[in-house]
Amino acid sequence: MKYAVLDLEASGGNHRTTRITDIAIYIYDGEQVIDHYQTLVNPGKKIDVYVSKLTGITDKMVAKAPYFEQIAGKVQELIKGCLIVAHNVSFDYKLLIAEFRRLDINWRSDRLCTLELSRALLPELESHNLLKVAHFLGIENQSHHRADGDAKATVEILDKFLHDYKADKLVDEHILPFNDYEIEMGNSHLDDAEIDSLPEEPGVYIFKNEKNKIIYIGRDESIRKGVVNTLRNKGRKRISKHLDQVYHLEYEKAGNELTAELMYYELVFKFKPQFNENLVQLYYRFKLAIAEVEGFQYLGIFKADYAVTRTLAYHKDFKTAERTLQKLAAKYHLKKSQQHHSIKIKKRHAPNYKTAEGLAKANRNLDVLWENESSDQTSFFVLGLGSKTGMSTICFVNEDELVGWGEASLDGAEISFAELKKYIKQKNIVDGVHIVKRLLNYRDYQVIYEGE
């Protein structure tokens, strides 16, 4: 089998209008790279300011680059008969389909996602973005967010999975066939044309019953894929038994996964749909924090609403919090007396230290842990791709509380803390800040801290 391992960078905006700015393809035969192609691409439009800052690709750099129509034949010939591979392959695959479609070329291919493979093979990783997976596997990527650097890292990841992890069978199981969007609507009352016209962009989708009442809300990096998977009964047990009640469909584009996630939580808490998961399960129920008794510090797991000043991270389940505590305890050589592995708050007594110097010395490793693992910055903005071309989403966290978010054109605008506040619409989402921080671990966004 031959693999076309590729990475694409885009101009920004929604999936219907964004264009390729950078493309790299490595043809890999399962043992070695046998062909390679890379070029900047003129998108025929301005590159979004946020994207330009993320990738380093400017309008000037692509001004004399070939247009996609000039390289389409070369690309098509190179990937012919290959399995398409990328990290988060849905993004690159949909972008490539859109570019070919503009040229009236009906192209489809089987594909494989190394992001999904890494989740199956490396469950111990908290984040599976390309940079984190490559670092874990000892792979260097000197050009992150450039097509050639990311594609090269991806082919090396695939090579390690196939040879070091003996993942041939798992690879076969994760191949997505080119016709996997040919779906059955189950017993819902939605028609095929309505589903087929849905955008391949991040956002939320809303199912309504015959009386136009909201009965289910979902979100996905691709609205269409999310709807398709729901109608196929994939992983949504409660709604899957009631698809016969789905008569109407609405959606709202978000621009990026973070905003989609926040929109989803806002709508679920507001409308409390009948077939969404129990709202209690949406909360981050536990936190890992440094507490103290009589001046003696210890690292422990607490309920999310327990009052403690130095919180490191929030977790949805106790086991994840426990694993994190164990890793940190090993990393910073914490004694048993410096660890608290239960959410039951019992009266603790500090070990008897004769001097203040002895107590300070005992606390030193936890002070180092806090300095290395925490962020002093509690107020910041997160910038991401907007739902329309030229727009950016702006999310605002102030003193560790989510204030809200908005969308604006930042092209040529002053990007300062004071100016960004003007675009924020106030929202009220329980645990909103923890949603933001969790997504920042999985995806790349531009973060602007107070004082910058």
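Each reported figure results from applying straightforward, stated rules to the coordinates on display, with no laboratory input. All values derive from a computational prediction rather than experimental measurement. Note: ideal-geometry Cβ built from the backbone for every residue, glycine included; neighbour counts use all protein chains shown.
Side notes on the structure shown:
- Magnitude of the charge dipole, the stretch 62-161, Cβ model with Lys/Arg +1 and Asp/Glu -1, debye to 20: 280 debye
- Contact order normalised by residue count of the chain, Cα under 8 Å, 6+ apart, percent: 13 percent
- When the square roots of the Cα gyration tensor eigenvalues are ordered a ≥ b ≥ c, the ratio a/c for the stretch 36-184 is 1.5 or more and a/b does not exceed b/c, which makes its shape oblate.
- Within straight-line cross-link reach of residue 425, aspartates and glutamates at Cα separation under 15 Å, skipping those fewer than 8 residues along the same chain: 266, 401, 407
- Residue-count net charge about residue 32 - beta-carbon cut-off 12 Å; Lys, Arg +1, Asp, Glu -1: -4
- Helix 356-373 and the long axis of the chain differ in direction by around 10°, with both axes built from C-alpha atoms.
- Relative contact order of the stretch 380-449, defined on C-alpha pairs under 8 angstrom at six or more residues apart (%): 35 percent
- For residue 303, the aspartates and glutamates whose Cα comes closer than 17 Å to its Cα, not counting residues fewer than 8 places off in the same chain, are 292, 317, 322, 431.
- Label of the coordinate-derived value, P(r) over Cα pairs in 10 Å bins from 0, in percent, listed as (1) 4, 18, 25, 27, 18, 6, 2, 0, 0; (2) 4, 22, 33, 26, 12, 3, 0; (3) 4, 19, 24, 19, 13, 10, 6, 4, 1, 0: (1)
- Centre separation in Å (Cα based) which lies between the stretch 27-42 and the stretch 193-271: 37 Å
- Assigned charges on the beta-carbon of Lys, Arg, Asp, Glu; the chain dipole about Cα centre (debye): 1740 debye
- Violating pairs (Cα-Cα greater than 28 angstrom) within the set 327/427; 53/132; 53/272; 64/225: 327/427; 53/272; 64/225
- 222 nm mean residue ellipticity, helices alone, for the chain (DSSP H n ≥ 4; -39,500 (n - 2.57); rounded to 500): -10000 deg cm²/dmol
- Charge dipole of the chain about the Cα centre (unit charges at C-beta), most positive-ward option of 365, 44, 392: 365
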